[in-house]
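Right, one structure below, let's go through it.
Please treat every number below as a calculation from the coordinates, not as lab data. A quick note: this is a predicted structure, and the numbers were derived from the prediction, not measured. Cβ coordinates were reconstructed from backbone atoms using ideal geometry, including for glycine residues, and neighbour counts include every protein chain displayed.
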Amino acid sequence: MSGQAQLVSFTVNGRAHTLGVAPETTLKQVIREDLGLTGTKCGCDVGDCGACTVLLNGRAVTSCLVLAATCEGAEIVTIEGVAKGGELHPLQKSFIKHGALQCGFCTPGMIISSLELINRNPAPDEADVKAALGGNLCRCGTYPRILKAVTGWQEYEGQALDTKPREDDERDQERDHSVVGHGVTRYDGPDKVTGRTEYTADIRLPDMVHGKILGSTVAHGLIKRIDVSKARAVPGVLAVITGADVPQKEYGVSPARYDERVLALDRVRYVGDEVAAVVAETEDIAEQALKLIEVEYEELPAVFDPREAIKDGAPQIHPGDDRFENNINTRVEWHFGDVDKGFAEADVVVADTFVGNRPYQAPIEPHAAVVRWEHHAGKLTVWSSSMAPHYLRHMLSRMFDIPQGDIRTITPCVGGGFGVKAEATPLELCGVIFAKLTGRPVMMKYSREEMFRHFRGRHKQYIDMKIGMSKDGTITACQSRILLDGGAYTSYGIVTAYYAGSMVPTLYKMDNYKYDGYRMYTNLPASGAMRGHGVPQPRYAFEVLLDKAAEQLGLDPFDVRVKNAMGPDTVTCNGLDISSCEFKATLAQAREATGWDAKRKSLPKGKGIGVGCGGFVSGAGYPIYRSNFPHSNALIRVSEDGLAVSLHIAAAEIGQGCNTILPQIAAEELGIPYERVWMVESDSVLGPTDLGSYSSRVTLMAGNAVRMAAAAIKAQLLKVAAVKLGCDVGNLAARDGFIFVAQHPQVRLDWDEAARDAFSTGGPVTGTGHYSPPPNLGGKYKGAAVGTSPAYSFSTAVCEVTVDLETGYVSVDRFWDFSDAGTVINPVTFHGQVEGGIIMGLGEALLEDTLVRPDGSLLNPDLHGYLIPTIADAPAITSRAVESYEPRGPFGAKEIGEGCLPPILGAIGNAVYHACGVRITELPITPEKILAGLKKQREATS
Amino acid sequence: MSLGNFNLHHPATVAEACALGARFGRQAAYLAGGTELLVDLRSGRKSVAEVISLGSIPGLKGVRAIAGGIEIGATTPLAVIAESPLVIANFPALAEGIATMAGRQVRNLGTIGGNFSCGVPCSDTPPIVCVAGGRVALVAADGSEREVAAEKFVLAPRVTVLQPGEIVTAIRLPNQPAHSGASFQRFSLRRGSALAVASVVAWVRLEKKNIAEARIYMGAVGPVALAATQAAASLVGKPATAEAFAKAGDLAAAEAQPISDLRGSADYRRDIVAVLATRALTAAVQRAEGGDR
């Protein structure tokens, strides 16, 4: 029973409201639920993330920490009230023009906090902004752009908004394109700065009900009894389900290792493993009912460390399943060349044991899903904050025996993913069951804590790595043995185990390479795919060992990297086909621009400079499950008047900017301005399949599909124009809204006129395109497919740090990144991804770790115990594109979103060593570990 | 998680607030900024039947000059305190300390009265008020008023001297003597919005280059804000030298009673206390010498 409701009157965005509210209702709930102003977001519910920030009597507050009934007489401003009369506030324009938003989920809170700041200080400097926005978390790491947008907001006072690039964001190299290569403003900018963008949890359907899922309280046990009768009896509860009520089959990501159940039937394997679920009229009722479900467990011995899990006699997490002997979920044993010979030839062999951490993606938007059962036709509609809606649909189809064509997946805007939203979850799966049981639309959401418990974060890796090097710096051999902590289920982990090995030889040439990888089951939440999938920790180990070897040989870290650097058109020792590659150029530019040689010698104790390199695939060469479907597909339709086109594609905008890049590619190929393109959001009915936003694949693969679709339309229109202009099709070109004779541009026709003619004579003008990676990528050995890609990115990152020698605190003062991402389509989104990757990498290197209590429960499943970087922690960043032309990419483009992260850890670790002589082999590099290292150093010298 | 179910009261006066608190006893919680209470209710750490909001009591907000010092109303938001010219003039270390706390949105809500009343070991304002020689003004259910020295207010983690029906109405800071100065130093794992691993606030008064008086308090390294009495005593009558500060830092480290948790081990916290104490003393002396308190 709620306490007595109270009447409260306040104004929101100038409009007076008098409402009856329950005492426990927060201001955020009233704003979102009662007033329908869903621009105010919910990321944590406890004041840690700042996504729900509103102005309360002129002051920025987290509305989740304010009881609505205490707001009598208050003046409240939400993001919807910032623009006036259809005119954006200059601050909003500044955010758009600076590209100061990516997934957009934090953007309303950021803008409100910035508004409070500029109201009291109209000309804030960077320090003021950092002090004011430290409580607004942005996981995309857009901080450098936000700093510029807020300090420079006055520039946009009285300025009309357009899509033109800001001068400082113009592309790095000149190429002859009118749309591609230019930093046009993001397509989703205006919606994201005004709070209009709809995320899954913002969806309101008539008669919607709410589901919640109960997690196990023990890390390993057998379910002896579940009694749901009390939960069922709660008024407002519509249904309660347990493991007996779900499809009696397993699911997962890779068909070879389906090992998860929607709800556990007899065994739970980690604290949080889903055991029952409730659907009720409201979320509160569902939550109350969950607490009344009685589950009796017979606790079993649990294991939380993969080094223990692999031993004989360890508790078996999937007993009786002969696929998983000794808790080994995935076993990789590769040997290319002859490492024994390689090490024998080496002049120096360096080796060390590295222990990684368990970073969590922590997107500010918690995962959510809405499911509606369309009774009339046995069809399903599923809205989900999924990065890979195609795989979601595939899994729902398989689990519920519904043809894929009868499932409509819609991906509203996604508030950050970084890998955590790339698979079907119990949210969608229980949602389907509930939608069928109740006949009503169902909203399913994870809380922040539930997000952490479901996890799918980065695998913690235990790495033994060894590198051999000859005197001249040539790598003669590399060997690693890695145990990956997979948690209780497979998730994307097979791929992770392969990536941890396959991506090591892509950066540096090596003939002799051995990798033994064992992905272990433990009684922890399942690890999954996270940005740079499997790569950052082995890359950290490698980059650190490279520096160590160089030091022993008296060589400069840059010299050894250049010596071994990958070149274009190379097949690696593990059979990966490197096409374009400007890695050496990234090294050369980094060395020059950072003043490396002087700084390496002259920096005082406590200050250091370090380098790390990395890269990634531009899309996986093969899909998760066997399929001959093209990986990306696109449909473009021209409007009847020829003045607009709509681009239908089911790629997922998760902040990376594909809804901007793809219209640019379409506009360029069609020969029309960027402003004429409508994006039709990801919807499996409106757009053809795209495998999704994972493995950094969208720019290259969806870009190629879009370009092909556009080319098909252009071919039709050039034919029309050729007749009108009386010339040969082959002499015509299209650009900026005109079709013209290439040699005589003054002989031209309006593009829209050609399109109207085409429509008048032939009906709808459409074009389709599709993309499949080149066939037969990769070698013939087991697991050769993982790591294959049409193209690879390469980058060199350098950072300067200051280590406080008394506390061990590391200040990352400055970062430079030089990335070969092919030819850049949009400098704004490109640099935004790089900057964000640096900041996320900085968090992984220095701050982040999901910690486990002795009973297997999580110690810090929240954003005050699990610290991600804030704007105050963001270093100054210089990002430069070192362009190559990738023949397999659209307009020469490759990936950037993931490859920018792996170099960061090594760059920081190497800089810390340069600053203070302490090597940290166990991530994260905490001040405490550094101080311990410094003490040891002192003891050794005294 | 929902906040649970409770009745919400909006007393208009201190007397009404106290009467409600006395009536409901342990069933009730007072609500000031909500930045602690709502988090506790949401996490299930706390569950109450009655919530008594102090937000609509007019006299509890604001900073004013009083005889011999300043008075900060209990429900004054932390951000308002940090911006108050009176506070900045009287005891700038308090404004500096507040600036390191949480995010701006939480500082706009959280109050100094709440920061004291919650009795959380890593709260940042209590050690600063302690070192300033501040006092906590309380009103009890029977209307009686009392003043408690700040260092006597928190008894144990989340336990204070407050009786049911008693509330904090103000924090009072005395005017500081000439040639005195204080500095608050805090160490956290991230720059924006993070709890302290440890904090130290030092206050000194100088007489002819020598330290005549010193006080040192430590936060997040004990069950309550701890006085480093031996460290402070070691400085009295001595010249303000780096050696003296370093020795005091070591003494403070020994006096700390830290625990190990996810933010750092007990040993590391002691190391940090020594560093912070040295830095706080150095800055406090500079401030005392500059005549800027």
With label points set 7 Å from each Cα along the Cα-to-Cβ direction at residue A:941 and residue A:743, the distance between them in nm comes to 7.5
Of B:235, A:625, A:589, whose Cα points farthest to the positive end of the dipole of the protein assembly as shown (charges on the beta-carbon: +1 Lys, Arg; -1 Asp, Glu; origin at the Cα centre)? B:235
Proximal aspartates and glutamates to residue A:249, defined as alpha-carbon separation beneath 20 angstrom and excluding residues fewer than eight positions away on the same chain: A:259, A:260, A:266, A:273, A:274, A:321, A:322, A:401, A:423, A:428
Quick query: amide H of residue A:852 versus all other amide H atoms, modeled in the peptide plane; which residues come in under 5 Å with a sequence gap of 5 or more or a different chain? A:859
Mean ellipticity per residue at 222 nm, deg cm²/dmol - from DSSP H runs of n ≥ 4 across the protein assembly as shown, formula -39500 (n - 2.57): -8500 deg cm²/dmol
Residues whose placed amide H lies under 5 Å from that of residue A:352, excluding near-sequence neighbours: A:465
Extension gain from residue A:375 to residue A:625, taking 0.36 nm per residue of separation minus the Cα-Cα distance: 87.0 nm
Length gained, residue B:64-residue B:210, 0.36 nm per residue minus C-alpha separation, equals 49.2 nm
Between residue A:160 and residue A:711, the FRET efficiency computed from the C-beta separation at R0 = 56 Å comes out, to the nearest 0.05, as 0.95
Given charges at Cβ of Lys, Arg, Asp, Glu: chain A dipole, positive-most of A:342, A:868, A:917: A:342
As an exercise, use a Förster radius of 41 Å and the Cβ-Cβ distance of residue A:922 and residue A:205 to find the FRET efficiency, rounded to the nearest 0.05. 0.30
Quick one: Karplus J couplings for the stretch A:332-347, per residue in order, coefficients 6.51, -1.76, 1.60, θ = phi - 60°, nearest Hz, x for Gly and Pro? 10, 9, 10, 9, 10, x, 9, 5, 4, 4, x, 5, 5, 7, 6, 8
Return B:273, A:571 ranked ascending by Cβ neighbour count within 10 Å, so the fewest neighbours appear first. A:571, B:273
How big is the shadow of the Cα convex hull of chain B, averaged over all directions, in nm²? 14.4
Sort out for me the Cα centre separation of the stretch A:875-942 from the stretch A:30-102, rounded to whole Å. 36
Three-way shape label, the stretch A:731-814, alpha-carbon gyration tensor, a/c 1.5: oblate
With a 10 Å Cβ neighbour count serving as the proxy for reagent exposure, in which order, fewest first, do A:399, B:218 appear? A:399, B:218
To the nearest 20 debye, the protein assembly as shown has a Cα-centred charge dipole, built from +1 on Lys and Arg Cβ and -1 on Asp and Glu Cβ, of 1120
Relative contact order [Cα under 8 Å, 6+ residues apart], the stretch B:180-290, whole percent: 32
Straight-line reach only, C-alpha to C-alpha below 25 angstrom: list the lysines that residue A:291 could link to, leaving out same-chain residues fewer than 8 apart. A:28, A:212, A:224, A:230, A:436, A:445, B:46
Diffing the stretch B:2-18: the Karplus 3J(HN,Hα) column from phi (6.51, -1.76, 1.60, θ = phi - 60°), in whole Hz with x for Gly and Pro, holds 7, 7, x, 10, 7, 8, 10, 10, 10, x, 9, 9, 4, 4, 4, 4, 5
Convert each backbone phi in the stretch A:922-936 into a coupling constant with the Karplus relation 6.51 cos²θ - 1.76 cosθ + 1.60 (shift: θ = phi - 60°), then list the ³J(HN,Hα) values in order as whole Hz, x for Gly and Pro. 10, 7, x, 7, 8, x, 4, 5, 5, 4, 4, x, 5, 4, 4
The stretch A:379-399-the stretch A:699-732 distance, computed between alpha-carbon centres (Å): 34
With both partners inside the stretch A:6-81, how many of the DSSP beta bridges are antiparallel, as a percent to the nearest 5? 90
Report the label-to-label distance for residue A:859 and residue A:72 in nanometres (one decimal), using points 7 Å from each Cα along the Cα→Cβ vector. 4.6
Taking R0 as 30 Å and r as the Cβ-Cβ distance between residue A:811 and residue B:43, the FRET efficiency 1/(1 + (r/R0)^6), rounded to the nearest 0.05, comes to 0.40
Quick check on chain A: take the gyration tensor over C-alpha atoms, sort the square-rooted eigenvalues as a ≥ b ≥ c, and tell me if it's rounded (a/c under 1.5), prolate or oblate. rounded
What Rg and what Dmax come out for the stretch A:90-197 when only alpha-carbon atoms are used, in angstroms? 13.9, 46
Roughly what % antiparallel, to the nearest 5, for the DSSP beta bridges in chain A? 80
For the stretch B:7-53, the dipole about the Cα centre with charges only on Cβ (Lys and Arg +1, Asp and Glu -1), to the nearest 20 debye, works out at 160
Please list, in chain and number order, the residues 5+ apart from residue B:165 or on another chain whose amide H is under 5 Å from its amide H, with Hs placed from the backbone. B:22
Got the relative contact order for the stretch A:632-771 handy, in percent, Cα pairs under 8 Å and 6 or more residues apart? 35
In whole angstrom, how far apart do the alpha carbon centroids of the stretch A:187-265 and the stretch A:410-472 sit? 13
At 0.36 nm per residue, and after removing the present C-alpha to C-alpha distance, how many nm does the segment from residue A:559 to residue A:472 gain when stretched out fully? 30.4 nm
Apply the Debye scattering formula to the stretch A:427-468, with a single equal point scatterer on each alpha-carbon and no solvent, then give log10 I(q)/I(0) at q = 0.14, 0.29 Å⁻¹. -0.54, -0.98
With +1 at each Lys and Arg Cβ and -1 at each Asp and Glu Cβ, the charge dipole magnitude of the stretch B:99-243 around its Cα centre, to the nearest 20 debye, comes out at 500
Average Cα contact separation per residue, chain A, under 8 Å, 6 or more apart, as relative contact order %: 14
In nm, to one decimal, how far is the residue B:178 label point from the residue A:9 one, both placed 7 Å along Cα→Cβ? 5.7
